[in-house]
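Student: Mind looking over this structure? Questions follow.
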Amino acid sequence: MAIDILAFGAHPDDVEIGAGGTLLKHASTGKAIVICDLTYAELSSNGDVQTRQAEAKQAAKILRLKDRHCLGLPDRNILINEENIRKVVQVIRKYKPKTILAPYWEDRHPDHEHCSHLVRESVFSAGIRKFAPEVGEAHKAANVFYYFINDFVDPDICIDITSMYEGKMAALESYKSQFELTEGNVETPLNTGYFAQVRSREYIFGRKIATNFAEGFKTRGPVQMEYFG
């Protein structure tokens, strides 16, 4: 299987927060998109695994994903070790993506940072022919871009998501256990004005490229291009 974009997140909803509009925009043109969640987010303050998985499934439908995969790594224990690198490498080699997305490497939540570093290590190892050949043939993605969850800086790339903004927010709204402060839930940064924070960020990025809303991405190096435009 060869897909266009493989997006990694530490928890179900991470990718939607930072890149949901971009994924929906590409899926709407027929691109094949897959999300891989590293954990089931079993330690989240609100909700439970069964509820979160149902929410993730609903979000996947809205984003028109080809597939959604969960590695089942322990929440709050995303270690950068050979075992976990092999697991991520296997996913990369299975889907053979042209582009890989991961969280920006600086974030207030350590799991997001660890996810970023684990994916970076795994992307490199996935391209080494002699590394873990038993989990698939070597594959080198053309690009790796990093999306923002909580913290952000000036992006290197902005994708106009104005026409997809409502779809992005619909995908996020699937996670009612996380973003709605209902009876029995405790207050968290996610259910006390988080959508306003996301909207403000996407508006700021949109203004940078003279559009209404955009998602921003960082790179760790130059991006190869044959032509401008």
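The values are calculated or read from the model by the stated rules, or taken from the named source; none is laboratory data. What you are looking at is a predicted structure, and each value in this text was computed from that prediction instead of being measured. Neighbour counts run over all protein chains shown; Cβ positions are idealised from the backbone, glycine included.
Student: Kindly list the number of the only condition in (1) assigned to a loop (DSSP other than H, G, I, E, B); (2) in contact with a helix residue (DSSP H, G or I) (Cβ under 9 Å, 6 or more places away or on another chain); (3) surrounded by 12 or more Cβ atoms within 10 Å (Cβ to Cβ); (4) not basic (K, R) that fails for L181.
Tutor: Result: L181 fails condition (2) only.
Student: What are the pairs with Cβ atoms under 8 angstrom where one residue, in region 190-208, is closer than 13 Å to M169 by Cβ and the other, located anywhere, is surrounded by fewer than 16 Cβ atoms within 10 Å (Cβ to Cβ)? Sequence gap at least six, or different chains.
Tutor: Close Cβ pairs satisfying both conditions: Y203/N212.
Student: Every residue in region 185-199 that is surrounded by 11 or more Cβ atoms within 10 Å (Cβ to Cβ) and not in a loop (DSSP other than H, G, I, E, B), please.
Tutor: Y194, F195, Q197, V198, R199
Student: Shifting gears a bit: How many of the residues making up region 117-141 are free of Cβ contacts under 8 Å to residues at least 24 places away in the same chain and either assigned to a helix (DSSP H, G or I) or not hydrophobic (A, V, I, L, M, F, W, C) (or both)? Spell out how you get there, then give the answer.
Tutor: Taking region 117-141 first, the residues free of Cβ contacts under 8 Å to residues at least 24 places away in the same chain are 124, 127-130, 133-134, 140.
The next check asks that each one be either assigned to a helix (DSSP H, G or I) or not hydrophobic (A, V, I, L, M, F, W, C) (or both); those that pass are 124, 127, 129-130, 133-134, 140.
Going through region 117-141 one residue at a time, the tally reaches 7.
Student: Here's something else I'd like to know. List the pairs whose first member sits in region 72-98 and is over 17 Å from V49 (Cα atoms), whose second member is assigned to a loop (DSSP other than H, G, I, E, B) and among the β-branched types (V, I, T), and whose Cβ atoms are under 8 Å apart, counting only residues at least 6 apart or on separate chains?
Tutor: Sorted first by the residue in region 72-98, then by its partner, the pairs are N84/I78; Y95/I3; K96/I3; P97/I3; K98/I3.
Student: Follow-up. Quick check, is T51 at pLDDT 95 or above, closer than 22 Å to T188 by Cβ and among the polar types (S, T, N, Q)?
Tutor: yes
Student: Report, by residue number, each residue of region 99-131 that is surrounded by fewer than 16 Cβ atoms within 10 Å (Cβ to Cβ), over 22 Å from V49 (Cα atoms) and under 17 Å from the mean Cα position of the chain (by Cα).
Tutor: Passing the criteria: E106, R108, H117.
Student: Could you tell me whether any residue of region 59-70 is of a type in the set (D, E), in contact (Cβ under 8 Å) with a residue 12 or more places away in the chain and buried (at least 19 other Cβ atoms within 10 Å of the Cβ)? Before you say what the answer is, go through the steps one by one.
Tutor: At the first step, the residues of region 59-70 found to be of a type in the set (D, E) are 67.
Imposing the further condition that a residue be in contact (Cβ under 8 Å) with a residue 12 or more places away in the chain reduces the set to 67.
Of the ones still in play, those that are also buried (at least 19 other Cβ atoms within 10 Å of the Cβ) are none.
There is no residue in region 59-70 that is of a type in the set (D, E), in contact (Cβ under 8 Å) with a residue 12 or more places away in the chain and buried (at least 19 other Cβ atoms within 10 Å of the Cβ).
Student: Please specify each residue of region 100-116 satisfying the condition of being outside any loop (DSSP other than H, G, I, E, B) and among the hydroxyl-bearing types (S, T, Y).
Tutor: Residue satisfying the conditions is S116 alone.
Student: Additional query: Is it true that A210 is touching a Pro at 6+ places or on another chain (Cβ under 6 Å), in a loop (DSSP other than H, G, I, E, B) and among the small types (G, A, S)?
Tutor: No: the conditions fail for A210.
Student: If you don't mind, there's one more thing I want to ask. Is at least one residue of region 2-22 touching a Lys or Arg at 6+ places or on another chain (Cβ under 8 Å), of a type in the set (A, V, I, L, M), surrounded by fewer than 24 Cβ atoms within 10 Å (Cβ to Cβ) and modelled with pLDDT under 95?
Tutor: Yes: region 2-22 contains one or more residues that are touching a Lys or Arg at 6+ places or on another chain (Cβ under 8 Å), of a type in the set (A, V, I, L, M), surrounded by fewer than 24 Cβ atoms within 10 Å (Cβ to Cβ) and modelled with pLDDT under 95.
Student: Could we say that A41 is within 21 Å of T219 (Cα to Cα), touching a helix residue (DSSP H, G or I) at 6+ places or on another chain (Cβ under 8 Å) and crowded, with 19+ Cβ neighbours inside 10 Å here?
Tutor: no
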